[in-house]
Amino acid sequence: MRLLLISNSTNYKEPYLQWSAPLIDEFLKKEKKDILFIPYAGIKIGGKDLPASYDVYEERVQNALSPFGLNVKSIHREKCAVEAVNKADVIMVGGGNTFHLVSEIHRNKLIEPVRRKVMEGAPYIGWSAGSNVACPTLRTTNDMPIVMPESFKCFDLIPFQINPHYIDPYPQEINDALRHGGESRQDRIDEFLAVNREITVAGLRESSALWIEDGAVTLKGTRNMRVMRYGAAEIELEPGSIFDFSFNKK
């Protein structure tokens, strides 16, 4: 099984996919493969509403990846989504709203076909919401529930949860005027851990990704990743760290 799970597609003030496209190219080992793109998380890409948003999303990803010789075709153009998955060389899932993504994945009956295809060896690439759905469920998404999915169940390709775009709690010295009165990202994750005590959460910061191959996980990018478990001290893993699914460093 080969997965590339990216926190964010694009860094602030950078062109689209600038930091992650070379990593995607490296992950695919420079094989000129056709990519089946799942755009369902994209609600208003380029200011366009659905379904036009999917067209814009596909074009944006294709333009970013074409210099690497990669061809992208969106699943929304296919007559049968399940058949498209069965024939795919590579599965790629873009970011956006995770609830809408999961709702459409279930509506199109794609949970088992995608899981089977990836378990059989097809590379899987996702960023943001696309990384979240590689987890057992969507429950560590940051997104607003704009729709009600049939289920929170996701592809269950990894046995832990990812929180994409993880940000650290405000430092104590921050100006009080800049604080908001609600819970922080860390507060929400702590709540999740309090009621899901057996589940590990990986806080994946911007400019970072998990490269998973043959059971080994490598942290790629430029920033540390935070590993969180209920009742345990948080662990910070540095870029280049190699570990297994239990997060025991090798």
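What to note about this one:
- Subset of the stretch 108-133 (residues that are buried (at least 21 other Cβ atoms within 10 Å of the Cβ) and not in a helix (DSSP H, G or I)): Leu110, Pro123, Tyr124, Ile125, Gly126, Trp127, Ser128, Val133
- In the set (1) more than 25 Å from Asp143 (Cβ to Cβ); (2) at pLDDT 95 or above; (3) in a loop (DSSP other than H, G, I, E, B), the condition left unmet by Glu31 is number (2).
- Residues of the stretch 95-107 satisfying the condition of being surrounded by fewer than 24 Cβ atoms within 10 Å (Cβ to Cβ) and either free of Cβ contacts under 8 Å to residues at least 60 places away in the same chain or among the hydroxyl-bearing types (Ser, Thr, Tyr) (or both): Gly96, Asn97, Phe99, Ser103, His106, Arg107
- Of the residues making up the stretch 41-50, none is in a strand (DSSP E or B) and modelled with pLDDT of 95 or more.
- Residue within the stretch 68-85 that is in a helix (DSSP H, G or I) and under 18 Å from Phe27 (Cα atoms) present: yes
- Residue that is surrounded by the most Cβ atoms within 10 Å (Cβ to Cβ) [pool: residues in the stretch 190-216 that are charged (D, E, K, R) and free of Cβ contacts under 8 Å to residues at least 40 places away in the same chain]: Asp190
The values are calculated or read from the model by the stated rules, or taken from the named source; none is laboratory data. Since the structure is predicted, the reported quantities are computational estimates derived from the model, not experimental observations. Note: ideal-geometry Cβ built from the backbone for every residue, glycine included; neighbour counts use all protein chains shown.
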